[in-house]
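Everything on this sheet refers to the single structure shown next.
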């Protein structure tokens, strides 16, 4: 009947998907729960004809990846937010010198939203960030991230968490087709060696004496314009039960999975609640949220102090937005705390639905 | 047996114990065996940085269609307790009348929820008797599989073989013995009237 399934832990499934996407180079430094991805790739890459390096640190790892990407390979790196903090300079450089690669943030929680979407490097750049809600979606996003990175010559991030990393599912991983891509005729692949027309990948785009580049002003304007274009084209989101809803819960990543379960039960109990899930955290699907949330109350659920919340404020008037998330980490610091649980999420939403009903009653 | 299993799906289970008891291997063996038998499985692991003695638990769901479950289960049809430490959460979420399989050599009776269908398997003692105390997890896996008739015993053994890394191959013969002991330990139990 159905296709043959392979039982794979989240990190192994992502590794396999990256290889299916044609990733031939990976360098990273272990940090739990990202470590599982590095271990899986160390085991799988040699057989697939690729290279996986356990670098001396995250900084070496991301710079090796930048080099492989500049040479034209599909390349990846990764860590948790703590390690990706160290990679910010290289990610910004890659965005500015147009080197595609994928960064896997298999984070310890949901508190790297700012890091993923706003970045910590210098100059005008953004990072495309995909936030899957499950292992199955992470597998798809892995391949989409490589496609988008190559399409726009820019780094892209896949943002997962410990629940995703350590959940094992039966899955059948295939190469996904997202359409044709331009040839990498800019890649430093050695083919122009000795011709006097060697190529450059350079943040400052100054070129050579014999072959001047556009230089910074023109190059950085072009980069800024490119990110505007991506913003206009690549926003992705999911809406559930929004049409008849008077309250919309905004949630992303694994948090959205728990919010979905809670909201589906609240709807059975007669509450008119819907879900809006940003799939791309950058570009943030603001116009879609503005449309869906028009005239409605918006509750923002995330396991941090309120990061996606700031993007929601850009598109929904503050007086209609309530933050129902909070910081929630377990005693090891490596997992979510108690908030990531369907009964807790249901209660957080319900409290605000009740408040809203009480306020509406008082106003009559 | 196959028919009664079919009716029992989806089956949501939490396994709880401490690091070093083979909780993760026990659960992976069941999930892999179910996958080999053509079913769908989701298995979520929860453990900290400690290799031994810290909390170690899993939640898994087995179904005959794609599993749509959260990685942290709100309620379960069955629990397997290999240790009483850290077992509160698993116990709280067991559905009324659910199956509670306990490693009765170790688990303090006071944690067993009232109203549960208790299946006692003295897994630690049985494993010690075999001269291989580290097999208590696989004894529980085989007992659980046999109780629910999830897959053929041989499929379960194949799953174990696949999961043992190359540097632990010498453990396989004892594991196979232990799994036979686990299978036989629940002979005579049936699940009539249990949820799921």
Scattering profile of the range B:61-141 at q = 0.21 Å⁻¹ [log10 I(q)/I(0), Debye over alpha-carbon scatterers]: -0.96
C-alpha long axis of helix A:35-44 to longest principal axis of chain A, angle in °: 50
Inter-part distance where the range A:22-77 and the range A:155-183 are each reduced to a Cα centre, Å: 15
Cα Rg over Rh - the range B:99-196, Kirkwood: 0.99
FRET efficiency, 1/(1 + (r/R0)^6) with R0 22 Å, evaluated for residue A:344 and residue A:246 via beta carbons: 0.45
Cα convex hull volume per residue for the range A:238-363 (Å³): 103
Per-residue Cβ neighbour rank within 10 angstrom, fewest leading, A:130, B:81: A:130, B:81
Chain B: antiparallel DSSP beta bridges as a percent of all, rounded to 5: 55
Förster radius 22 Å - calculated FRET efficiency between residue B:189 and residue B:154, Cβ distance, rounded to 0.05: 0.60
Expected-Rg normalisation [2.2 N^0.38 Å, Cα atoms] applied to the range A:12-51: 1.03
Counting all C-alpha pairs of the range A:6-171, share separated by more than 22 Å (%): 30
Distance cut-off 33 Å, percentage of C-alpha pairs in the protein assembly as shown lying past it: 47
Where labels lie 7 Å past Cα in the beta-carbon direction, separation of residue A:174 and residue B:162 in nm: 2.0
Burial ordering of A:44, A:87, fewest other beta-carbon atoms within 10 Å first: A:44, A:87
With Cα atoms, 0 to 90° folded angle of helix A:342-363 axis to chain A main axis: 50
Within a Gaussian network of chain A (alpha carbon springs, distance under 10 Å), most fluctuating of A:43, A:293, A:13: A:43
Nearest-ten-degree value, helix A:88-97 long axis tilted from longest Cα axis of chain A: 60
Radius of gyration and Dmax over the Cα atoms of the range B:2-185, both given in Å: 14.9, 43
FRET efficiency for residue A:210 and residue A:56, using Cβ-Cβ distance with R0 set to 35 Å, rounded to 0.05: 0.40
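Values quoted throughout were computed directly from the atomic coordinates according to the rules given, and no laboratory measurement underlies them. Note that the coordinates shown come from a computational prediction; the quantities given were computed from them, not determined experimentally. We place every Cβ from the backbone using ideal geometry, glycine too, and count neighbours over all the protein chains shown.
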